[in-house]
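**Student:** Please see the structure below; I have some questions.
The values are calculated or read from the model by the stated rules, or taken from the named source; none is laboratory data. Bear in mind that the values here come from a model prediction, so they are computed numbers and not experimental data. With ideal geometry, Cβ positions are generated from the backbone for all residues, glycine too; neighbour counts draw on all protein chains shown.
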Amino acid sequence: MAKDGSTAAADGTTAGSGDIARSLELLWGGGERPSRGPKPGLTLDRIVTAAVAVADAEGLPAVSMRRLSTELGTGTMSLYRYVPGKAELLDLMLDRVLGEPLSAEPDRPAGADGTPGDWRVAIDAMAHTYLDNLRRHPWLLKINQARTVLGPSALRGLELALSALRSMGLRDPELIGVIITVNSFVEGLARTQGDAAEAVAQTGLSDEQFWDSQRPYLERAMLSGAYPMMAGMSEDTFSADFDHFEFGLQRLIAGFEALVRERTAERTAGGTTDPTAEPTPDRTTDPTTEPAPDLTAERT
């Protein structure tokens with residue numbers, strides 16, 4: 001049981017499963033190490049950097065305090081003076097990698113400079129950036145991030161995303177919905193790609209070898225007449241040349257465009273020109289906005 005009452009994950013794969021208060025102190029700069037104890041060459045930054053490197057190379061299960069002490073050339077107990085354990089270390093690792101795109105791309109995204117930008121470009125950039133990040137750090141897909149402890153990088157990334165999307169003129173919950181929808185799409189495709197690569201590594205069979213082994217059975221199934229739709233599909237249906245990521249992303253953007261047009265029409269009908277304003281209520285159906293009845297006729 002963690003100090004905050006939560007149950008820590010035994011394998012350290014659940015964000016926010018450790019001492020949340022301690023993680024927040026470390027993320028926001030309020031948890032500096034004591035002046036005595038560890039040698040000056042060891043820093044929290046070095047520990048997190050080493051942990052990310054090990055996870056990138058060998059996966060999250062390889063990250064342990066003992067392993068990091070070997071990588072850093074220090075005693076295991078010295079690490080505990082900086083970070084309580086793997087669960088809290090995971091929170092720091094997440095914020096570190098989430099901040100990489102922010103430092104790698106200093107230019108502000110569309111709309112972040114105070115002027116309306118093209119939200120379509122922003123969504124496209126968000127999706128590709130996130131996909132690249134997941135490919136650099138495939139262990140991110142193994143983490144339960146339902147309760148991520150929000151650090152500076154996570155909040156800054158969300159702030160920039162909201163700034164870039166505000167010209168859509170959607171309600172705040174809908175803007176968050178756009179981000180969740182795009183991220184979920186990217187994660188789903190990245191997970192599929194990652195699982196495929198993992199299957200090759202575990203079995204030693206390439207994708208071509210795997211499907212070739214099934215070819216005789218699939219050909220007989222197609223000739224049986226039981227699967228007419230599949231049998232009639234073109235030869236390039238499952239071609240690796242088809243970009244499913246780009247296809248899906250552009251369809252998402254097209255769907256958001258339809259929603260933006262709908263919201264724009266609602267504002268126009270309500271006499272509102274501000275793209276970020278809420279639609280004006282329909283006064284013909286809102287009883288609280290009906291004019292008071294004229295009682296002069298009754299009095300006369």
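**Student:** Of the residues Thr74, Thr43, which single one is touching a Leu at 6+ places or on another chain (Cβ under 6 Å) and at pLDDT below 95?
**Tutor:** Thr74
**Student:** Okay, next question. Does the range 229-245 contain at least one residue that is assigned to a helix (DSSP H, G or I), within 31 Å of the chain's Cα centre (by Cα) and either at pLDDT 65 or above or over 30 Å from Gln193 (Cβ atoms) (or both)?
**Tutor:** The answer is yes, given that some residue of the range 229-245 is assigned to a helix (DSSP H, G or I), within 31 Å of the chain's Cα centre (by Cα) and either at pLDDT 65 or above or over 30 Å from Gln193 (Cβ atoms) (or both).
**Student:** Could you pull out the residue among Ala154, Ala87, Ala127, Ala122 that is closer than 18 Å to Leu189 by Cβ, modelled with pLDDT of 90 or more and part of a helix (DSSP H, G or I)?
**Tutor:** Within the list Ala154, Ala87, Ala127, Ala122, the selection yields Ala127.
**Student:** Which pairs do you get when a residue that is within 11 Å of Ile123 (Cα to Cα), found in the range 246-259, comes within reach of a residue that is of a type in the set (D, E, K, R) and surrounded by 15 or more Cβ atoms within 10 Å (Cβ to Cβ), reach meaning Cβ atoms under 6 angstrom, with the pair 6+ apart or on two chains?
**Tutor:** Final answer for the pair search is Ile253/Arg120.
**Student:** For the range 139-185, what are the residues that are over 30 Å from Asp19 (Cβ atoms), in contact (Cβ under 8 Å) with a residue 60 or more places away in the chain and under 15 Å from the mean Cα position of the chain (by Cα)?
**Tutor:** Of everything in the range 139-185, those that are over 30 Å from Asp19 (Cβ atoms), in contact (Cβ under 8 Å) with a residue 60 or more places away in the chain and under 15 Å from the mean Cα position of the chain (by Cα) turn out to be Val178, Thr181, Val182, Phe185.
**Student:** OK, next. Being in a loop (DSSP other than H, G, I, E, B) and in contact with a Gly (Cβ under 7 Å, 6 or more places away or on another chain) is the filter; apply it to the range 68-84 and report the residue that is surrounded by the most Cβ atoms within 10 Å (Cβ to Cβ).
**Tutor:** Going through the qualifying residues, I end up with Pro84.
For (1) in contact with an Asp or Glu (Cβ under 9 Å, 6 or more places away or on another chain); (2) in the same structural domain as Asp56 (by TED's automatic domain parsing); (3) hydroxyl-bearing (Ser, Thr, Tyr), each residue gets a yes or a no:
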{"residue": "Phe185", "(1), (2), (3)": "no, no, no"}
{"residue": "Arg191", "(1), (2), (3)": "no, no, no"}
{"residue": "Glu208", "(1), (2), (3)": "no, no, no"}
{"residue": "Glu219", "(1), (2), (3)": "no, no, no"}
{"residue": "Ser224", "(1), (2), (3)": "no, no, yes"}
{"residue": "Met229", "(1), (2), (3)": "no, no, no"}
{"residue": "Phe247", "(1), (2), (3)": "no, no, no"}
{"residue": "Gln250", "(1), (2), (3)": "yes, no, no"}
{"residue": "Phe256", "(1), (2), (3)": "no, no, no"}
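**Student:** Consider Gly117 carefully, then state whether it is part of a helix (DSSP H, G or I), among the small types (Gly, Ala, Ser) and closer than 26 Å to Ala254 by Cβ.
**Tutor:** No: the conditions fail for Gly117.
**Student:** Sticking with this structure for a sec: Determine whether Gly194 is over 12 Å from the mean Cα position of the chain (by Cα) and on the phi > 0 side of the Ramachandran plot.
**Tutor:** no
**Student:** Same structure again: State all residues of the range 139-149 that are touching an Asp or Glu at 6+ places or on another chain (Cβ under 8 Å) and of a type outside the set (Ser, Thr, Tyr); if no residue qualifies, say none.
**Tutor:** Trp139, Leu141, Val149
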